[in-house]
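This report concerns only the one structure given below.
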Amino acid sequence: PKAIHLSDYRAPDWLVDKVDLDFSLHPSQTRVTSKLSLRRNPAGAPGAPVVLNGDGLTLVRLAIDGKPVAGPSFEATPDRLTLAHPPADAFVLEVETLVDPTANTQLMGLYRTSSNYCTQCEPEGFRRITYYPDRPDVLSVFTTRVEADEAEAPVLLGNGNLVESGKVDDTSRHYAVWHDPWPKPSYLFALVGGRLAKISDSFLTRSGREVELGIYVEHGKEARAGYAMDALKRSMRWDEEAFGREYDLDVFNIVAVSDFNMGAMENKGLNVFNDKYVLATPETATDADYSGIEGVIAHEYFHNWTGNRITCRDWFQLCLKEGLTVFRDQEFSSDERSRPVKRIADVRALKAAQFTEDQGPLAHPVRPETYREINNFYTATVYEKGAEVVRMLKTLLGEAGFRAGMDLYFERHDGEAATIEDFVASFADATGRDLSQFALWYAQSGTPVLTVSGAWDAEAGTYRLDVAQEVPPTPGQPTKKPMLIPLALGLVGPDGRDQPLALGNVPVENGVVEVSEARQSFLFTGLDARPVPSLNRGFSAPVNLVSDLTEADRVFLAAHDADPFNRFDAIQRIALEMLKTGARTGSLPATEALVTAARAILADTTLDAAFKAQALALPGEGEVARELAKDVDPDAVFAARKALRIAVGTALEGAFATTYAAMAATGPFSPDASSAGRRALRNLSLDFLAVTGAAEGIARAKAQFGAADNMTDRITALAVLTQHEVPEREAALQAFYDRFERDALVIDKWFTLQAQIAAPSTLERIKDLMLHPAFSLGNPNRVRSLVGAFAATNPTQFNRADGAGHDFVTDVVLTLDSKNPQVAARLLASFKTFRQLEPVRRASAERALRKVAETPGLSPDVADIATRALG
Ligand code: B3K
Ligand code: ZN
């Protein structure tokens with residue numbers, strides 16, 4: 001496919017004032033009739049033809065202003081409908097198409113899942129349903145009639161409010177008519193039909209509007225949707241309080257389906273969810289699942305304002321809705337749970353996914369300027385880095401300035417399809433601040449490196465911080481300009497307390513200095529003792545920080561820093577340096593510093609359990625590899641990490657045993673953050689206590705596995721057992737399977753644990769599991785749990801030196817590509833770090849990628865990833 005460039009954007013030539021859709025649902029021949037009220041756009045090209053997008057469509061009938069049209073006045077291909085000479089500047093075009101939802105394995109457009117009907121239209125799926133100007137800047141008022149056999153689909157849902165429903169005379173069919181008064185682009189269209197159970201609730205908005213809430217699930221799963229409903233109501237309240245945003249329809253429905261390409265979709269008034277992000281009970285869902293559900297429910301709900309009421313002008317602006325909405329869901333979860341712990345978890349995820357993306361061949365700006373396949377740009381950069389950019393705006397403008405900017409953005413652009421320029425201008429205009437340098441965060445890819453060193457002048461009582469910034473070259477961007485980087489910091493005195501922060505005797509507001517030049521010095525005054533700088537507090541900017549802090553400074557910060565994020569970061573950095581040395585040289589350096597810091601954190605009664613669990617979880621193999629950056633041998637990384645875990649586990653055995661006992665549950669299960677934190681710390685202790693594989697640790701894990709009353713405790717015990725080559729492993733895996741075999745979402749966890757075993761036998765095990773009746777290549781959750789988890793989280797086996805891991809994954813990609821190109825492309829993107837590997841493994845990855853790239857008939861999705869990865 002050819003490249004699309006942001007600079008080529010043109011306003012649409014035709015607008016759609018309203019659209020009336022009629023669906024007659026049928027398993028293989030669904031009839032779609034659409035009536036478009038088309039009007040020439042005064043801002044479009046004069047005299048332009050009507051060109052509507054299609055994708056694999058079969059045209060049945062065409063009429064203009066009620067009169068059938070034939071012959072040369074139009075041209076219809078599966079991918080396009082063209083009226084070269086439209087009759088007038090406004091007319092009604094009626095189009096009838098036939099689609100086959102059962103044959104739709106891409107899960108884009110109208111498809112079937114567990115024999116129900118559902119749709120996914122973002123970004124370009126609506127064109128697989130009917131001919132339409134399928135672009136986000138064409139907003140229209142949709143009315144949708146859905147008709148189906150009543151026995152096959154007793155539930156019929158659409159966007160907006162239900163206006164009418166009934167039986168179709170003398171037939172077994174019935175219908176429902178839904179009307180959405182809010183103009184929207186086609187990507188927000190949805191319909192659902194099927195046999196579904198409903199849980200109901202209601203929400204009273206702050207202005208007194210009663211909203212009917214429904215969550216639809218497969219029959220028998222109603223009891224599992226309660227937590228999602230609770231999260232929805234809390235989200236609705238929070239958006240009113242934190243952003244002044246109220247819900248705007250009489251109904252809000254969520255449908256959980258088991259076949260879905262991503263997490264969920266924010267269709268207006270009718271969110272469709274991967275059931276993984278809806279269904280939870282203590283027996284089947286982990287604490288991570290609960291927080292994932294809360295986060296995704298909130299995210300999709302928040303899109304109602306940031307995404308739906310204000311949408312994107314074009315797909316280059318994707319971060320306008322995604323980065324902003326991720327920021328909003330992060331803030332929600334921070335308010336509902338522990339803010340520092342949420343921040344730590346978010347930064348861990350950012351580094352694991354986005355920093356690696358930025359460092360490899362798939363790096364792109366938060367707002368890309370060119371793409372071949374937009375589906376490949378729903379990335380950690382657009383989402384997570386996009387959220388970081390919004391967070392930095394808030395840091396720079398302060399709470400009040402940020403809120404004023406958001407308010408102005410909503411006021412100016414409600415009902416519009418907006419751009420990043422519109423967004424940034426709202427903040428600039430609301431606060432009077434020039435944000436032109438800041439806007440580079442949207443345009444320049446790559447993670448800035450901030451190199452910092454300090455100079456203490458005892459006589460003057462000053463501390464000079466010299467800062468240099470550099471953004472490394474990335475694909476298409478060899479050189480960069482200096483960025484505006486909000487650097488939150490503190491100067492920690494010998495007593496562990498923050499010393500006053502003043503530049504030239506002027507106090508630094510909010511503890512944030514602004515780095516804006518390539519090289520810059522900050523002279524802090526009025527100090528009585530040499531401070532230890534605590535830099536980039538709260539991870540105020542998404543940068544790689546290189547500082548001259550010593551290991552001793554870090555032990556000090558880990559114990560005393562007033563900023564919890566940096567206490568976490570200090571101990572992680574101590575561990576990371578040890579792991580890097582261990583991986584490079586084959587032997588670990590002295591580990592006392594880490595043991596000392598870890599012991600102090602474990603013993604600190606002022607810290608909550610969730611924080612301790614985060615601080616003591618050693619950096620992952622992926623993070624070590626990313627820090628090493630080149631010639632990475634995953635086996636050496638694994639060995640170093642294993643050795644360090646053993647060193648810490650052995651040195652702190654007593655403390656971990658005490659913690660394990662102290663963190664035992666005191667009452668019935670509750671998914672709240674503090675109970676989850678206790679479980680996390682207890683399970684971390686369990687892992688360290690078993691790390692040598694000695695009998696006592698294994699026995700403890702086995703006992704916990706058998707006795708657990710919740711999935712978190714059960715699955716972590718199983719995870720501990722699977723890491724060790726012990727007889728208890730296979731027995732526990734079998735017991736787990738027998739217990740949960742009817743529950744696909746739980747069996748996904750079973751697939752993942754086995755895919756993560758760092759042993760040469762894993763590849764064969766995965767190939768066997770692909771033949772297991774519980775596995776299906778057609779279901780994205782299954783593919784991600786088994787093959788995706790292998791490629792993304794088992795670096796030693798995916799990158800086997802003999803190349804078998806690489807070949808296996810690319811074979812799966814090629815098989816999957818003809819069924820579901822989006823999921824195939826996502827899987828192939830796990831090669832994004834291959835250039836950092838040592839030469840043998842790098843060559844094997846490159847060979848595997850080339851084989852993909854040279855395969856004829858690839859989807860645009862897979863072809864795009866293969867080409868860019870090889871770049
Ligand atoms: N907006 C959807 C993502 C659609 C992805 C299409 N490939 C979910 C979300 O971010 O809320
Ligand atoms: Zn989103």
(message) All but one of (1) outside any loop (DSSP other than H, G, I, E, B); (2) touching a residue at least 24 places away in the same chain (Cβ under 8 Å); (3) away from ligand 2 (no atom under 16 Å from the Cβ); (4) out of contact with any strand residue (DSSP E or B) (no Cβ under 6 Å at 6 or more places or on another chain) hold for GLU241; state the number of the condition that does not hold.
(response) (2)
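Tell me which residues, restricted to segment 482-531, are small (Gly, Ala, Ser) and free of Cβ contacts under 8 Å to residues at least 60 places away in the same chain.
At the first step, the residues of segment 482-531 found to be small (Gly, Ala, Ser) are 488, 490, 493, 496, 502, 504, 511, 516, 518, 521, 526, 529.
Scanning segment 482-531 gives GLY493, ALA502, GLY504, GLY511, ALA518, SER521, ALA529.
Are there any helices (runs of 4 or more DSSP H) wholly within segment 340-442 with 3 or more residues that are basic (Lys, Arg), and if so which? Break it down into steps so the answer makes sense when it comes.
Working: elements: 356-359, 386-413, 420-431.
Hits in segment 340-442: 386-413.
What residue, of ALA345, ALA387, ALA353, is within 16 Å of ligand 2 (Cβ to nearest atom), surrounded by fewer than 24 Cβ atoms within 10 Å (Cβ to Cβ) and farther than 27 Å from ASP180 by Cα?
Working: ALA345 fails: within 16 Å of ligand 2 (Cβ to nearest atom); ALA387 fails: surrounded by fewer than 24 Cβ atoms within 10 Å (Cβ to Cβ).
The match here is ALA353.
Looking only at segment 107-124, filter to residues that are assigned to a strand (DSSP E or B) and closer than 17 Å to THR97 by Cβ; which one of those is farthest from ligand 2 (Cβ to nearest atom)? Step through it out loud before you land on a result.
Keep residues of segment 107-124 that are assigned to a strand (DSSP E or B), which gives 109-113, 116-120.
With closer than 17 Å to THR97 by Cβ added as a condition, the list becomes 109-111, 117, 119.
Numbers: GLY109: 20, LEU110: 22, TYR111: 20, TYR117: 23, THR119: 17 Å.
Among residues in segment 107-124 that are assigned to a strand (DSSP E or B) and closer than 17 Å to THR97 by Cβ, the one farthest from ligand 2 (Cβ to nearest atom) is TYR117.
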(message) Anything in segment 736-749 that is closer than 26 Å to SER670 by Cβ and outside any loop (DSSP other than H, G, I, E, B)? List them, or say none.
(response) PHE736, ARG739, PHE740, ALA744, LEU745, VAL746, ILE747, ASP748, LYS749
(request) Being of a type in the set (Val, Ile, Thr) and away from ligand 1 (no atom under 16 Å from the Cβ) is the filter here, so list the residues in segment 114-148 that pass it. (result) THR130, VAL138, VAL141, THR143, THR144, VAL146
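Looking at this structure, is PHE438 in contact (Cβ under 8 Å) with a residue 40 or more places away in the chain, among the hydrophobic types (A, V, I, L, M, F, W, C), farther than 30 Å from VAL141 by Cα and away from ligand 1 (no atom under 16 Å from the Cβ)?
Values: in contact (Cβ under 8 Å) with a residue 40 or more places away in the chain: yes; among the hydrophobic types (A, V, I, L, M, F, W, C): yes; farther than 30 Å from VAL141 by Cα: yes; away from ligand 1 (no atom under 16 Å from the Cβ): yes.
For PHE438, the condition - in contact (Cβ under 8 Å) with a residue 40 or more places away in the chain, among the hydrophobic types (A, V, I, L, M, F, W, C), farther than 30 Å from VAL141 by Cα and away from ligand 1 (no atom under 16 Å from the Cβ) - is met.
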(request) Please note which helices (runs of 4 or more DSSP H) are completely contained in segment 515-629 and include at least 2 residues that are under 32 Å from the mean Cα position of the chain (by Cα) and under 23 Å from SER338 (Cβ atoms). (result) 551-560, 564-585, 592-603, 609-616
(request) With the checklist (1) over 23 Å from the mean Cα position of the chain (by Cα); (2) in contact (Cβ under 8 Å) with a residue 40 or more places away in the chain in hand, flag the one item ALA404 doesn't pass. (result) (2)
(request) Those residues that are out of contact with any helix residue (DSSP H, G or I) (no Cβ under 6 Å at 6 or more places or on another chain) and either within 15 Å of ligand 2 (Cβ to nearest atom) or at pLDDT below 95 (or both), I need them from segment 323-342; list them, please. (result) GLU331
(request) Filter segment 289-303 for residues that are within 11 Å of ligand 1 (Cβ to nearest atom) and aromatic (Phe, Trp, Tyr) and give the result. (result) TYR301, PHE302
(message) Cβ contacts < 6 Å: first residue hydrophobic (A, V, I, L, M, F, W, C), restricted to segment 364-388; second residue within 12 Å of ligand 1 (Cβ to nearest atom) and in a loop (DSSP other than H, G, I, E, B), any location; separation 6+ or different chain. Result?
(response) ILE374/PRO123
(request) For segment 249-303, enumerate the residues that are assigned to a loop (DSSP other than H, G, I, E, B) and of a type in the set (Gly, Ala, Ser). (result) SER258, GLY263, GLY269, ALA280, ALA285
(message) I'd like to know if segment 256-266 contains one or more residues that are surrounded by fewer than 24 Cβ atoms within 10 Å (Cβ to Cβ) and away from ligand 1 (no atom under 13 Å from the Cβ).
(response) yes
(message) Looking at the structure I just gave you, is GLY398 away from ligand 2 (no atom under 16 Å from the Cβ) and under 18 Å from THR419 (Cβ atoms)?
(response) no
(request) Report, by residue number, each residue of segment 365-383 that is more than 16 Å from ligand 2 (Cβ to nearest atom) and surrounded by fewer than 19 Cβ atoms within 10 Å (Cβ to Cβ). (result) GLU369, THR370, ARG372
(request) Read through the list (1) of a type in the set (A, V, I, L, M); (2) out of contact with any strand residue (DSSP E or B) (no Cβ under 8 Å at 6 or more places or on another chain); (3) buried (at least 18 other Cβ atoms within 10 Å of the Cβ), then give the number of the only condition that ALA400 fails. (result) (3)
(message) Taking the conditions exactly as written (over 24 Å from ASP137 (Cβ atoms) and within 16 Å of ligand 1 (Cβ to nearest atom)), does THR58 satisfy them or not?
(response) no
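Quick check on segment 409-419: of everything there that is touching a Ser or Thr at 6+ places or on another chain (Cβ under 8 Å) and within 20 Å of TYR442 (Cα to Cα), which residue is surrounded by the most Cβ atoms within 10 Å (Cβ to Cβ)?
Here is the first cut: in segment 409-419, the residues touching a Ser or Thr at 6+ places or on another chain (Cβ under 8 Å) are 409, 412-413, 416-418.
Next, from what is left, pick out any that are within 20 Å of TYR442 (Cα to Cα): 409, 413, 417-418.
On the way: TYR409: 24, HIS413: 19, ALA417: 22, ALA418: 21.
So the residue we want is TYR409.
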(request) Take ASP422 and decide whether it is within 16 Å of ligand 1 (Cβ to nearest atom) and surrounded by fewer than 20 Cβ atoms within 10 Å (Cβ to Cβ). (result) no
(request) Could you grab me the full set of residues in segment 718-741 that are of a type in the set (A, V, I, L, M) and in contact with a helix residue (DSSP H, G or I) (Cβ under 6 Å, 6 or more places away or on another chain)? (result) LEU718, ALA719, VAL720, LEU721, VAL726, ALA732
(request) State whether one or more residues within segment 590-612 are touching a residue at least 12 places away in the same chain (Cβ under 8 Å) and under 20 Å from ALA352 (Cβ atoms). (result) yes
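Table: residues versus (1) under 25 Å from ALA153 (Cα atoms); (2) out of contact with any Pro (no Cβ under 7 Å at 6 or more places or on another chain).
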{"position": "GLN29", "(1), (2)": "yes, yes"}
{"position": "LYS35", "(1), (2)": "yes, yes"}
{"position": "ARG39", "(1), (2)": "no, yes"}
{"position": "GLY44", "(1), (2)": "no, no"}
{"position": "GLY47", "(1), (2)": "no, yes"}
{"position": "VAL60", "(1), (2)": "yes, yes"}
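Can you pull out every residue in segment 823-871 that is of a type in the set (Ser, Thr, Tyr) and part of a loop (DSSP other than H, G, I, E, B)? Before the answer, list the steps.
Applying the first criterion (of a type in the set (Ser, Thr, Tyr)) to segment 823-871 yields 830, 833, 844, 855, 859, 867.
Those that are of a type in the set (Ser, Thr, Tyr) and part of a loop (DSSP other than H, G, I, E, B): THR855, SER859.
Quick check on this structure: which one of PRO181, PRO136 is part of a strand (DSSP E or B) and farther than 23 Å from GLN29 by Cα?
On the way: PRO136 fails: part of a strand (DSSP E or B).
Residue meeting the stated conditions: PRO181.
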(request) Please determine, by comparing only the residues of segment 304-328 that are within 12 Å of ligand 1 (Cβ to nearest atom) and assigned to a loop (DSSP other than H, G, I, E, B), which one is farthest from ASN375 (Cα to Cα). (result) ASN304
(request) Could you look through segment 556-612, keep only residues that are over 27 Å from SER334 (Cβ atoms) and charged (D, E, K, R), and pick out the one that is surrounded by the fewest Cβ atoms within 10 Å (Cβ to Cβ)? (result) GLU592
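Which of the residues spanning segment 630-665 are in a helix (DSSP H, G or I), among the acidic types (Asp, Glu) and within 29 Å of the chain's Cα centre (by Cα)?
First pass over segment 630-665, keeping only residues in a helix (DSSP H, G or I): 634-651, 653-662.
Retained after the next criterion (residues that are among the acidic types (Asp, Glu)): 635, 653.
The answer is ASP635, and nothing else.
The values are calculated or read from the model by the stated rules, or taken from the named source; none is laboratory data. The structure displayed is predicted, hence computed values, not measured ones. All Cβ positions, glycine included, derive from the backbone under ideal geometry; neighbour counts span all protein chains shown.
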